[in-house]
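Remarks on the structure that follows.
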Amino acid sequence: MRLTVAIFCLTGIFAALNSALTLSHASNAIDLGSWPRLFLVPSALTAGMLFDKLDMRRVGMIMTAVAALSACALFILIGNVGIRASAIVFYLGSGVFVVFFTTTYTKLSAHMRMHELWPSMGRVFNNIGSMLVSAPAIALIDYGDLLGMIVATIVLLAGVAASLLLSSGTEQIGCENPHENPRADINTENMSQQDDARSSEATSTPPAALSLEEPLKRFCQAYSLTPREGDVVRALLTMDDSVSDIASALFLSRSTLYRLIASINKKTGTASRTALITFFWTWYNAS
């Protein structure tokens, strides 16, 4: 919910700025052409590299700063004192925004039912927000209601800050399970008593002493896991590293690894990395 509110508020700011630029172009105040769109490339590439390495808290801070800068560009544009500069800010900010709602919803999809639908939800909410905001923004600009624009922008900025800077619920995006630590293992204190009992039984034989290939092959066949999903299960069983390190070892992005884990959990009826590992060793001992 916080993420969706942030998307709508950010969309409001960028849609208003886009509307103002479009009106300026239509009134021949400036010929935008296509050159400002080139700024989408470096901003999107930079955001992609940063967002892959930063946690959600820092990503939220970046997006809040981008929103504030875009709001300033909107006021400059309305005052007709920096149309070209406003266009550059708009395209730089738009590249960051597109990467933001794409990556965050992709990470979130690993925790959702019907997870295959969620990576595209950022674009869906963005388009809905644009449809709702564009007409009122054009009306305010045409009417010359500067006070109304200021009030609306301040409300949107407050919504962005409240949604992205409050710690509750944001640091969990990007973890395997929103109710556990990303580095949780079989011995985590948050496991249920049943999982503890199963874990004790399942790990009675050290994993290093076992040959995983044949049982893992049968496990993948039993639950219709793909070869790549089998690689993920093997890594989870044999590595105590964080998900980021496992993703690097498998030459995967974190978002791809999250999707694979979510698919494995769905096929095996488990709900987390810990439950999956416990389930495998329980299955192994029973087979």
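The values are calculated or read from the model by the stated rules, or taken from the named source; none is laboratory data. Given the structure is predicted, the values throughout are model-derived calculations rather than measurements. Positions of Cβ are backbone-derived with ideal geometry, glycine not excepted, and every protein chain shown enters the neighbour counts. Areas reflect the complete protein model, heavy atoms only, side chains present, ligands, DNA and RNA absent. Shrake-Rupley method; radii C 1.70, N 1.55, O 1.52, S 1.80 Å.
Below are the figures for this structure:
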quantity	calculated
Hits in the stretch 42-80 (condition: within 20 Å of Ile138 (Cα to Cα) and among the polar types (S, T, N, Q))	Ser70, Asn80
Matching entry among Leu252, Leu156, Leu237 (being in contact with a helix residue (DSSP H, G or I) (Cβ under 8 Å, 6 or more places away or on another chain) and modelled with pLDDT under 85)	Leu252
Residues being part of a loop (DSSP other than H, G, I, E, B) and not small (Gly, Ala, Ser) - total across the stretch 239-262	6
Number of positions in the stretch 81-103 that are more than 30 Å from Ser272 (Cβ to Cβ), touching a residue at least 60 places away in the same chain (Cβ under 8 Å) and open to solvent by 40 Å² or more (accessible area, probe 1.4 Å)	0
Considering residues of the stretch 141-157 that are in contact (Cβ under 8 Å) with a residue 40 or more places away in the chain and open to solvent by less than 70 Å² (accessible area, probe 1.4 Å) only, the residue farthest from Thr103 (Cα to Cα)	Ile141
Members of the stretch 48-80 found to be small (Gly, Ala, Ser), touching a residue at least 60 places away in the same chain (Cβ under 8 Å) and either touching an Asp or Glu at 6+ places or on another chain (Cβ under 7 Å) or open to solvent by less than 20 Å² (accessible area, probe 1.4 Å) (or both), listed by number	Gly60, Ala67, Ala71
Candidate set from the stretch 104-140 (those that are under 26 Å from Met61 (Cβ atoms) and of a type in the set (Ser, Thr, Tyr)); member that is surrounded by the most Cβ atoms within 10 Å (Cβ to Cβ)	Thr104
Residue in the stretch 101-114 that is nearest to Asn265 (Cα to Cα), counting only those that are out of contact with any Gly (no Cβ under 8 Å at 6 or more places or on another chain) and among the hydrophobic types (A, V, I, L, M, F, W, C)	Ala110
Yes/no for Thr274 being of a type in the set (Ser, Thr, Tyr) and part of a loop (DSSP other than H, G, I, E, B)	no
Ala65 being among the small types (Gly, Ala, Ser), modelled with pLDDT of 90 or more and in a helix (DSSP H, G or I)	yes
Filter result (crowded, with 16+ Cβ neighbours inside 10 Å and within 13 Å of Ala222 (Cα to Cα)) within the stretch 268-278	Thr268
Pair list, Cβ < 9 Å and 6+ apart or interchain, from the stretch 204-226 residues that are open to solvent by less than 50 Å² (accessible area, probe 1.4 Å) to residues that are in a loop (DSSP other than H, G, I, E, B) and modelled with pLDDT of 90 or more	Phe219/Leu225; Cys220/Thr226
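Table: residues versus (1) aliphatic (A, V, I, L, M); (2) farther than 30 Å from Trp35 by Cβ.
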residue: Cys72; (1), (2): no, no
residue: Tyr91; (1), (2): no, no
residue: Gly95; (1), (2): no, no
residue: Thr104; (1), (2): no, no
residue: His115; (1), (2): no, yes
residue: Leu132; (1), (2): yes, no
residue: Met149; (1), (2): yes, no
